[in-house]
Amino acid sequence: MNQTPVNPENPPVKPEKKRHSGIDLLRIIALFLICFSHANQTFASVSEFTPYSFASLLSIGLTPFGTFGNVLFVICSSYFLVDKTRSRAEKAINILMDSSLISLCILIGFLISPEPLSVDTIIQQIFPDVFALNWFVPCYAIFYLLSPIAVIGLKHFTKKQHFVFVVASLLVYGGLSLLGLPPIGSNLLQFFYILNLVAFVKWHVPSLAAHKLANFLVFLIGLSLCYAGIYVSLLFSEPSALTGRIPIFSPFLVTAFLGLFNLFEQMRFENKFISYLSGCSLFVYVIHENFLLRTITRVNYYYWAYATFGNDIAVAYMLVCGLFMFVAGFLLAVVYKETLARLTTLAAKGTAIGINKLFDKIYALCFKE
């Protein structure tokens, strides 16, 4: 077969790697679910529901949306992290810097307003990740940094060993969590629990993603079982005593959203607008769930709505709140991405270089070669 000779002065151009816009779209959907869950969370805290009313049952049904969104977000990230055996300190630093700067900007807005703030609140807003005002952000940064250790460890498993590990984790953590009895639990451990499942599916059964009907049924059945557990509980307790929360370790939850992820991963298209918005998703998370906005602005909004329009359309207040946080969150995230985020990118890069030099000096002092 004749082959065209390669000119060393004009090497062939490598095809540009395309974005997975299906996965990017799923990240945006995850944020949509999270925004409505948080809107409902405040709504439930300031409202008095009639037992078994539409508002009560709807609020219970919306409560796990936040867990759904978090699981989807971690699955999307894990899909790419399982192919990486190195992480960049610069990226983790950048995430934490963005979280702190956004919190500081919102704090300045409140300091200008007549709203009184305590000294403790001000200090916490300056260091939001130190005080875990938004648990997801610092947890995600640590997860990103440590993920290569888990990936390298999992790669040493044979397919059979990894399969046994997956089944064991689903039975021990998944099964016992349904009874409220996980051996040990933490937000960070939940992230690695998901990473383990994603790694097995991607490495050992990649063909599973192509079975659209199977993935749809896994999603539908898993989600149905999650909600069945919530609403069947109504037979044994009052709606007011029911939280509607689902543990992330739940085997029904994780497998259901792995099925949904596979459906979106198979969407082979590229959309720059969707990918751009997806790149703002962590900013949206930080903005809409800021401690001051969550505990002051959102609460005041509901009290104002009740005082102005009454109780008859209370559910509409929550829906408007969720939609507003989603849309406004992305608008503010875009503004931030094009302005202040450029500064944190440069600052994170310089900080990472400085930290590396510092540790090089410490290492040289401790281990003279």
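Any read-out appearing in this document is the output of simple, stated calculations on the displayed coordinates, not a laboratory observation. Just so it is clear, the structure is predicted and the values come from calculations on it, not from any experiment. With ideal geometry, Cβ positions are generated from the backbone for all residues, glycine too; neighbour counts draw on all protein chains shown.
Which shape class applies to region 126-184: rounded if a/c is under 1.5, otherwise prolate when a/b exceeds b/c and oblate if not, where a ≥ b ≥ c are the square roots of the Cα gyration tensor eigenvalues?
Values: a/c = 4.93, a/b = 1.46, b/c = 3.39.
Oblate, because a/c is 1.5 or more while a/b does not exceed b/c.
Please identify the DSSP H helices in the chain that span no less than 30 Å along the helix axis (Cα) and have a mean Kyte-Doolittle hydropathy of 1.6 or more.
Working: long enough: 21-46 (38 Å, 1.23); 89-112 (35 Å, 1.65); 314-338 (36 Å, 1.89); 340-366 (39 Å, 0.72).
Taking the DSSP H segments of the chain (at least 30 Å long, mean hydropathy at least 1.6), we get 89-112, 314-338.
Between ILE28, ALA305, GLY259, whose Cα lies farthest towards the positive end of the dipole of region 25-356 when Lys and Arg beta carbons carry +1 and Asp and Glu beta carbons carry -1, centred on the Cα centre?
Of ILE28, ALA305, GLY259, it is GLY259.
Which of VAL74, VAL218, VAL172 comes first, and how do the rest follow, when ranked by fewest Cβ neighbours within 10 Å? Mind dumping the intermediate values first?
Working: VAL74 26, VAL218 21, VAL172 14.
Ascending number of Cβ neighbours within 10 Å: VAL172, VAL218, VAL74.
Per DSSP H run of n ≥ 4, the term is -39500 (n - 2.57); total these for the chain, divide by its residue number, and report the mean residue ellipticity at 222 nm rounded to 500 deg cm²/dmol.
Working: 15 runs with 248 residues, N = 369.
After summing the helix terms and dividing by residue count, I get -22500 deg cm²/dmol.
So for the chain, averaging the separation of alpha carbon pairs under 8 Å that are six or more residues apart and normalising by length, what relative contact order in percent results?
Working: 392 pairs, mean separation 114.8, N = 369.
31 percent.
For the cross-link pairs LYS272/LYS349; LYS155/LYS361; LYS212/LYS337; LYS202/LYS272; LYS202/LYS349; LYS91/LYS368, which exceed 28 Å when the distance is taken from alpha carbon to alpha carbon?
Values: LYS272/LYS349 26 Å; LYS155/LYS361 33 Å; LYS212/LYS337 35 Å; LYS202/LYS272 25 Å; LYS202/LYS349 31 Å; LYS91/LYS368 30 Å.
Pairs exceeding 28 Å: LYS155/LYS361; LYS212/LYS337; LYS202/LYS349; LYS91/LYS368.
Need the C-alpha centroid separation for region 108-134 versus region 189-235, integer Å.
Computed from Cα coordinates, the inter-centre distance equals 38 Å.
Remind me, what semi-axes does the chain give for its equivalent ellipsoid, largest first in whole Å, using sqrt of 5 times each Cα gyration tensor eigenvalue? Provide the component values of the computation, followed by the final result.
Working: eigenvalues 263, 173, 97 Å².
Output for the chain: semi-axes of 36, 29, 22 Å.
Specify the residue with the greatest mean-square fluctuation among CYS105, CYS226, CYS280, computed from a Gaussian network of the chain linking alpha-carbon atoms under 10 Å apart.
Looking only at CYS105, CYS226, CYS280, the biggest GNM fluctuation is shown by CYS105.
Which residue, PHE32, PHE191, PHE49, tops the fluctuation ranking in a GNM of the chain built on C-alpha contacts under 10 Å?
Ranking PHE32, PHE191, PHE49 by mean-square fluctuation puts PHE49 first.
Suppose every K and R has +1 on its Cβ and every D and E has -1 on its Cβ; what is the size of the dipole of the chain about the Cα centre, in Debye to the nearest 20?
Here the chain has a charge dipole of around 1260 debye.
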